[in-house]
1. Which residue, of K159, K142, is among the basic types (K, R), open to solvent by 30 Å² or more (accessible area, probe 1.4 Å) and either in contact with a helix residue (DSSP H, G or I) (Cβ under 9 Å, 6 or more places away or on another chain) or in contact (Cβ under 8 Å) with a residue 60 or more places away in the chain (or both)?
2. Within the range 206-214, does at least one residue satisfy the condition of being over 18 Å from the mean Cα position of the chain (by Cα), surrounded by 12 or more Cβ atoms within 10 Å (Cβ to Cβ) and modelled with pLDDT of 90 or more?
3. Within the range 167-197, work out how many residues are open to solvent by 50 Å² or more (accessible area, probe 1.4 Å), closer than 18 Å to G84 by Cα and assigned to a helix (DSSP H, G or I).
4. Can you find a residue that is in a helix (DSSP H, G or I) and touching a Pro at 6+ places or on another chain (Cβ under 6 Å) anywhere in the range 231-243?
5. Could you give every pair whose Cβ atoms fall below 8 Å, whose first residue belongs to the range 234-252 and is open to solvent by 90 Å² or more (accessible area, probe 1.4 Å), and whose second residue is of a type in the set (D, E), counting only separations of at least 6 or pairs across chains?
6. Between a residue in the range 176-193 that is farther than 16 Å from I122 by Cα and any residue that is among the acidic types (D, E) and open to solvent by 20 Å² or more (accessible area, probe 1.4 Å), which pairs come within a Cβ distance under 9 Å, given they are 6 or more apart or on different chains?
7. Picking from V62, V107, V69, which residue would you name as being closer than 19 Å to R230 by Cβ and either small (G, A, S) or open to solvent by less than 70 Å² (accessible area, probe 1.4 Å) (or both)?
8. Run L164 past the list (1) within 19 Å of F27 (Cβ to Cβ); (2) surrounded by 16 or more Cβ atoms within 10 Å (Cβ to Cβ); (3) over 18 Å from the mean Cα position of the chain (by Cα) and report the number of the one that doesn't hold.
Amino acid sequence: HNGFKKYASNTGWMFFGQFFSLLVSFFVSAWLARYFGPEHYGMFSYAIAFVGLFSFVASLGVDGVLSRVLVEHPEKRDELLGTGFLLKIVGGLIAIALVLCTSFIFVPDVFVRNLIILYCCIFVFEPFNIITVFFQSQVQAKINTQIRICTLLISSLLKIALILSGKGIIWLTFIFVFDALLNVLFAVSFYKKSRLQITQWCYAQGLARNMLVGSLFLVFASAANYIFVRIDQVMIGAMLGNMEVGLYAAAV
């Protein structure tokens, strides 16, 4: 059955991408943890966790709604993507502002605060993730998997080069931000290969209102999930210190 083959292939690519990513990330992350040691790795992990608390603001829960509406109304593709893109730009800017404000209030360590400010730049690239949402709605997990693998391989090579060259965690943070940029570049490239143009995206105010209303509960769910995942490292860093965060993050 053609439908079965299509979805089985899609599921297979999703499984392969997830398995490959976890396998490579496990060994590279373990090597990074051993290289930096508990204290420095704890600083980096604390910065990642702190910024992660505001990830739900950057996404605005738009992805879940957008994926469904793209399936229901494929003829409105450019309006939906353009509207979702603009909404996520606004969400990203708000998330950056919140990270900056709260980091100056709650993070006394200047070096860790600088890591947080640098890493929150990933929110600039968040709006382009709607391209992967589009491919997902078209049951094209193969493309999303290729984007993920290409980004992961380049990122992993850079992290290994960092270890071998003896660089510090500022450089590691730069690599993580570069990961987000790489993901955008590959996503845009595959979108163009599909003979589609970003320049055709447009904003529709009515769609924006409907998407925000539809994503309201998804935002609350995302907030609960992100806080649940990240709050432990933030609390350990605030109460015990960077070394304890590093040990905990490595164990996780």
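1. Exactly one of K159, K142 is among the basic types (K, R), open to solvent by 30 Å² or more (accessible area, probe 1.4 Å) and either in contact with a helix residue (DSSP H, G or I) (Cβ under 9 Å, 6 or more places away or on another chain) or in contact (Cβ under 8 Å) with a residue 60 or more places away in the chain (or both), namely K142.
2. The answer is no; no qualifying residue exists.
3. 0
4. yes
5. M243/E39
6. Close Cβ pairs (under 9 Å, with a partner that is among the acidic types (D, E) and open to solvent by 20 Å² or more (accessible area, probe 1.4 Å)) do not exist here.
7. Exactly one residue qualifies, and that residue is V107.
8. (2)
The values are calculated or read from the model by the stated rules, or taken from the named source; none is laboratory data. On a predicted model such as this, the values are computed, not experimentally measured, just so you know. Glycine also receives a Cβ, built like all others from the backbone with ideal geometry; neighbour counts cover every protein chain displayed. In case anyone asks, the SASA skips ligands and DNA or RNA and just uses the protein heavy atoms, side chains included. Shrake-Rupley method; radii C 1.70, N 1.55, O 1.52, S 1.80 Å.
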